[in-house]
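Quick notes on the structure that follows.
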């Protein structure tokens, strides 16, 4: 990618081109242009849509999952089911400490109003994800986030600059009904039983996607 203002210009043009394209066409366009893509997922509700959209076109894209250690048994079963279905190249990143140790140190999962919550979030999610980025050095970060999910995501477009890479959200304009219809159309499983200890509420950012490093064009 070019540097400086040229990056913003390129992103603006690309976003104009991709704004009304289908998620499949957006992913196809991106995979033809970037050589080191990753796909991040929480394996939460409706996450199979993005996984299918990417891996049905390019099965070797690394699937990055931060296993924070507080997932439900259903989530682990969902991970196994999806991984087998697509023969996915699953890359699992976890905190440096066990769940038992974290519970003992934090007294359980800190409330979002607790000053310890930011440190907890960094330990169980942000630090493992940064390790993934350091190891994989992607030029493209594919994610299933959608504008309807949080206030911050409503500001995002299909393509956004994040540090040295492009962060792409092919489903960004889908609402809950749209994404569920897409899942039903493709007969995909759903990870309904899900828990994210870093969010506290469904409309709150977990930290990965709320960074001030994003530059929107």
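The values are calculated or read from the model by the stated rules, or taken from the named source; none is laboratory data. Everything quoted here is computed from the prediction, not taken from an experiment. Ideal geometry is used to build each Cβ from the backbone, glycine not excepted, and the neighbour counts take in all protein chains shown.
Counting just the residues of the range 106-115 that are exposed (fewer than 13 other Cβ atoms within 10 Å of the Cβ) and free of Cβ contacts under 8 Å to residues at least 24 places away in the same chain, which one comes out farthest from residue 195 (Cα to Cα)? Steps first, please.
Taking the range 106-115 and keeping what is exposed (fewer than 13 other Cβ atoms within 10 Å of the Cβ), we get 107-108, 111, 113, 115.
After this cut, where a residue has to be free of Cβ contacts under 8 Å to residues at least 24 places away in the same chain as well, the list is 107-108, 113, 115.
Details: 107: 18, 108: 14, 113: 18, 115: 21 Å.
Among residues in the range 106-115 that are exposed (fewer than 13 other Cβ atoms within 10 Å of the Cβ) and free of Cβ contacts under 8 Å to residues at least 24 places away in the same chain, the one farthest from residue 195 (Cα to Cα) is 115.
Just to verify a result, which residue in the range 167-176, among those that are outside any loop (DSSP other than H, G, I, E, B) and within 13 Å of the chain's Cα centre (by Cα), is surrounded by the most Cβ atoms within 10 Å (Cβ to Cβ)? Working first, answer last.
Here is the first cut: in the range 167-176, the residues outside any loop (DSSP other than H, G, I, E, B) are 167-168, 176.
If we keep only those that are within 13 Å of the chain's Cα centre (by Cα) as well, we get 167-168.
Working: 167: 24, 168: 26.
Here the residue is 168.
Please verify whether residue 154 is under 17 Å from the mean Cα position of the chain (by Cα), over 21 Å from residue 66 (Cβ atoms) and either surrounded by fewer than 16 Cβ atoms within 10 Å (Cβ to Cβ) or at pLDDT 95 or above (or both), treating the condition exactly as stated.
Numbers: under 17 Å from the mean Cα position of the chain (by Cα): yes; over 21 Å from residue 66 (Cβ atoms): yes; either surrounded by fewer than 16 Cβ atoms within 10 Å (Cβ to Cβ) or at pLDDT 95 or above (or both): yes.
The answer is yes for residue 154.
Please verify whether residue 57 is more than 18 Å from residue 162 (Cβ to Cβ) and either outside any helix (DSSP H, G or I) or within 14 Å of the chain's Cα centre (by Cα) (or both), treating the condition exactly as stated. It would help to see each step written out before you state the result.
On the way: more than 18 Å from residue 162 (Cβ to Cβ): yes; either outside any helix (DSSP H, G or I) or within 14 Å of the chain's Cα centre (by Cα) (or both): yes.
For residue 57, the condition - more than 18 Å from residue 162 (Cβ to Cβ) and either outside any helix (DSSP H, G or I) or within 14 Å of the chain's Cα centre (by Cα) (or both) - is met.
Counting only residues that are closer than 13 Å to residue 51 by Cα and out of contact with any helix residue (DSSP H, G or I) (no Cβ under 7 Å at 6 or more places or on another chain), how many does the range 163-179 have? Please lay out each step first, then the result.
Start the filter on the range 163-179 by keeping residues that are closer than 13 Å to residue 51 by Cα, which leaves 169-171, 179.
Okay, now just the ones that are also out of contact with any helix residue (DSSP H, G or I) (no Cβ under 7 Å at 6 or more places or on another chain), so 169.
Summing the residues that are closer than 13 Å to residue 51 by Cα and out of contact with any helix residue (DSSP H, G or I) (no Cβ under 7 Å at 6 or more places or on another chain) in the range 163-179 gives 1.
For the range 118-134, which residues satisfy the criterion of being free of Cβ contacts under 8 Å to residues at least 40 places away in the same chain, surrounded by fewer than 18 Cβ atoms within 10 Å (Cβ to Cβ) and farther than 19 Å from residue 161 by Cβ?
Selection gives 118, 119, 127, 131.
Across the range 56-71, what is the number of residues that are out of contact with any strand residue (DSSP E or B) (no Cβ under 7 Å at 6 or more places or on another chain) and surrounded by fewer than 22 Cβ atoms within 10 Å (Cβ to Cβ)?
Step one: list which residues in the range 56-71 are out of contact with any strand residue (DSSP E or B) (no Cβ under 7 Å at 6 or more places or on another chain), which gives 56-60, 68-71.
Filter again for surrounded by fewer than 22 Cβ atoms within 10 Å (Cβ to Cβ), leaving 56-60, 69-70.
Counting residues in the range 56-71 that are out of contact with any strand residue (DSSP E or B) (no Cβ under 7 Å at 6 or more places or on another chain) and surrounded by fewer than 22 Cβ atoms within 10 Å (Cβ to Cβ) gives 7.
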